[in-house]
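The values are calculated or read from the model by the stated rules, or taken from the named source; none is laboratory data. Computed from a predicted model, the values in this text were never measured in an experiment. For neighbour counting, all protein chains shown are included, and Cβ atoms are generated from backbone atoms with ideal geometry for every residue, glycine included. For the accessible areas, the whole protein counts, side chains as well, though only heavy atoms, and no ligand, DNA or RNA atoms are used. Shrake-Rupley method; radii C 1.70, N 1.55, O 1.52, S 1.80 Å.
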Amino acid sequence: MDEQLKERLESIRDRIEIAAQRSGRTKDAVKLIAVTKTYPASALQELIDLGVRDIGENRADEIMSKAPELKGDYELHMIGHLQTNKVARVLPYVKWIQSIDRQRLISRIEFLHRGSPINALVEVNTSGEESKTGCTPQECRQICELVAKSSALRFCGLMTIGPLEGGEKKTREAFMMLRELAQDVKDLSPHLELSMGMSGDFEWAIEEGATMVRIGTLLLGGRHK
Ligand SMILES: *Cc1c(COP(=O)(O)O)cnc(C)c1O
């Protein structure tokens, strides 16, 4: 077992707990999603063996190549842009799709999916940056309603990626916007997840109400290629 990985995991869990306490919550209110993109299946397996339950991947191809090798108790989250032509191949492996952002994607999933509904978060572009995926804040309610109506998906909340630049103020504003958008869709689900915060901004996100943080670099180091 990689001692360094274990230490980094413990340190992140500690920081999550402290940030949760600052927001008047306990560590159980915030779920860590370990983002393993570009890392081999063996790295995912090591995390699962260390007790990490939630694994995030952002590309369909990586999910298809790694997921069949994994053993144990874990849930896979698709957190990246999902092309409609790749939906069929990832559906068997994912428990969560955090990047629902358009009607066509919802229709495609509905057409293909059999079995119990997949947990779905609607991704919102809260920073207005053009490079970002996600629906606009104006479209959010409508997409959430489509998810809530779908028999293939269970509407579970909202996801966003903080701005690449702009520092603490802009980043917090983006997270606050997601929290406010969640207020608008409270009627659609009894419990709403707010997936926001990555390696560089997860403590701000927790203070703004995140219930899921997606952490890659801080846990695993630089990207493997
Ligand atoms: C890569 C990625 C993350 C993790 O980012 P880090 O900065 O490495 O922690 C989180 N969310 C999404 C959607 C990602 O693609």
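A compact table of results
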{"quantity": "Some residue of region 55-77 being in contact (Cβ under 8 Å) with a residue 24 or more places away in the chain and in contact with a His (Cβ under 7 Å, 6 or more places away or on another chain)", "calculated": "yes"}
{"quantity": "Residue among Gln83, Gln21, Gln4, Gln45 that is among the polar types (S, T, N, Q) and open to solvent by less than 60 Å² (accessible area, probe 1.4 Å)", "calculated": "Gln45"}
{"quantity": "Single residue of region 68-79 satisfying the filter (out of contact with any helix residue (DSSP H, G or I) (no Cβ under 8 Å at 6 or more places or on another chain) and open to solvent by 10 Å² or more (accessible area, probe 1.4 Å)) that is farthest from the ligand (Cβ to nearest atom)", "calculated": "Pro68"}
{"quantity": "Residue satisfying all of: in region 56-67; more than 11 Å from the ligand (Cβ to nearest atom) and of a type outside the set (Asp, Glu); nearest to Ser131 (Cα to Cα) among these", "calculated": "Ala60"}
{"quantity": "Residue that is surrounded by the most Cβ atoms within 10 Å (Cβ to Cβ), among those in region 86-104 that are part of a strand (DSSP E or B) and not aliphatic (A, V, I, L, M)", "calculated": "Gln98"}
{"quantity": "Leading residue by the ranking (nearest to the chain's Cα centre (by Cα)) among those in region 174-225 that are away from the ligand (no atom under 11 Å from the Cβ) and of a type in the set (Lys, Arg)", "calculated": "Arg179"}
{"quantity": "Per-region count, region 99-132, residues polar (S, T, N, Q), under 17 Å from Val87 (Cα atoms) and touching a residue at least 40 places away in the same chain (Cβ under 8 Å)", "calculated": "2"}
{"quantity": "Failed condition for Ala29, given (1) small (Gly, Ala, Ser); (2) away from the ligand (no atom under 15 Å from the Cβ); (3) open to solvent by less than 20 Å² (accessible area, probe 1.4 Å); (4) under 16 Å from the mean Cα position of the chain (by Cα)", "calculated": "(3)"}
